[in-house]
1. Extension gain residue 539-residue 362, at 0.36 nm per residue separation less the Cα-Cα distance, in nm?
2. Once you have a ≥ b ≥ c as the square roots of the Cα gyration tensor eigenvalues for segment 175-417, tell me rounded if a/c is under 1.5, and otherwise prolate or oblate according to whether a/b is larger than b/c.
3. So for the pair residue 435, residue 247, with labels modelled 7 Å out along Cα→Cβ, what separation do we get in nm?
4. Rounded to the nearest Å, what's the spacing between the alpha carbon centres of segment 408-453 and segment 157-214? Just the number, please.
5. Using R₀ = 30 Å, calculate the FRET efficiency as 1/(1 + (r/R₀)^6) where r is the Cβ-Cβ separation of residue 205 and residue 398; round to 0.05.
6. Listed highest first by mean packing, meaning other Cβ atoms within 10 Å per residue, what order do 512-519, 491-498 come in?
7. How much length is gained if the chain between residue 188 and residue 508 is pulled fully straight, taking 0.36 nm per residue apart and subtracting their Cα-Cα distance, in nm to one decimal?
8. What's the ranking of 315-322, 165-172 by average number of surrounding C-beta atoms within 10 Å, highest first?
């Protein structure tokens, strides 16, 4: 079954400045003087220039071609998104060797007329076509071309806002809604204004906005700085986290006895990466709304004895917003993040223990200043780290390799969060909470589960704006009928390998379908042959 990803791109009319047609002679510089070289993964001229000259009716091909390098974009603040300097002055250029564009043209094979002197043809195109070329590119492609060519740099400056917002749409596609909500709720002003009432009101408005988002222009209220921040978060945090999650989940799958041909570093399909990234954005939304959020310094005291919204209300909100298999995606991301946060907490436990020699200079018998009893309250400290959000987690888990630097950071950031979050014994997506929600707030999806509404696999389609497209693993598990169960409430030990993240092709070739079948048989034996949904119905009827 082919993978299908459908994005809504809003096309706008450029403000063409015809004077830039002659831009190649500005500042008395030539193209080779202004240019820097292509990176290793784009050093072949046909990779960049040939693709840019390809049929403009295939923008998705252009975007895909520029995604090969997932390296950290640490120079966002000085990138082409905000800098008015000439292309040779732009810091953090993606171009790294010493060859110029004129040398690139000489390296082109003379028998290939399509690419011969292609950069010359590219820069002599009419301004309107140059705009269309720029508007087709995602961030990395846009940055590469604008930094390589003075003419395209000037074209970019003339239509910067249109191109920047178009680039944001091209890069994020239908994830733009989640990304904009993350940006909105991640602000200091939003964090400081949080109360139970306004969070509940925001959650209600979020449901309404989501249902109408496909009919509205999501970038109309976004500033240039907002767009730059959203791009930075996507490439510096979300994309690397998606890679780390995939390696974790696939390594767990590889441990299953039925698994075969499971490679931890095997590239993700577009739809697999989309599911993971979507779940990461939604996890961040939960941190911003219900957790400590990215501005922990503005939380009073060293602990928080409450969440802004009751756990059961969080459960009800999430179930009303997302399909059950999408909640399972979120659950799997939370399992991954909890495991990594627990590892982090354990790694610094001794550094803060009162018997650590670094506290010997202080008098006894009082607890030394700076010592923290992490072991006794490890789950609370874990949640205090977990709900800070992905940027903080990425920093302490992956960016910083020096253990003592992490310890110094944690000295100012160890905060206890007493209540559960998404997981734990009574978290928003745990069994007991969802049982209580079913009793107190029955939903239409509960009725669909009771009726066993048909829900077949319809392909690995990840934009569900026109219907429901559960992944194959979900339909296998529930026999092609509707289920509102997830996590430990249904079949155990499968979210750890992200079963709802993977395409049908990966399930087939890795033996994951056989793993699902065994886990179902194990659950069925525990329930004396019953479907978990039937057991759940009887359990609820007794309460």
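1. Details: separation 177, 0.36 × 177 = 63.72 nm, distance 5.63 nm.
Net length gain for the segment: 58.1 nm.
2. Note, shape of segment 175-417 comes out oblate.
3. It works out to 3.9 nm between the two label points.
4. Using only Cα atoms, the two centres lie 24 Å from each other.
5. Plugging the Cβ-Cβ distance into 1/(1 + (r/R0)^6) gives 0.30.
6. Values: 512-519: 17.8, 491-498: 20.9.
Listed from highest to lowest mean packing, they are 491-498, 512-519.
7. 110.6 nm
8. Numbers: 315-322: 19.9, 165-172: 24.0.
In decreasing order of mean packing, 315-322, 165-172 become 165-172, 315-322.
No value in this document is a laboratory result; all are computed from the given coordinates. Model, not experiment: these values are computed from the prediction. Note: ideal-geometry Cβ built from the backbone for every residue, glycine included; neighbour counts use all protein chains shown.
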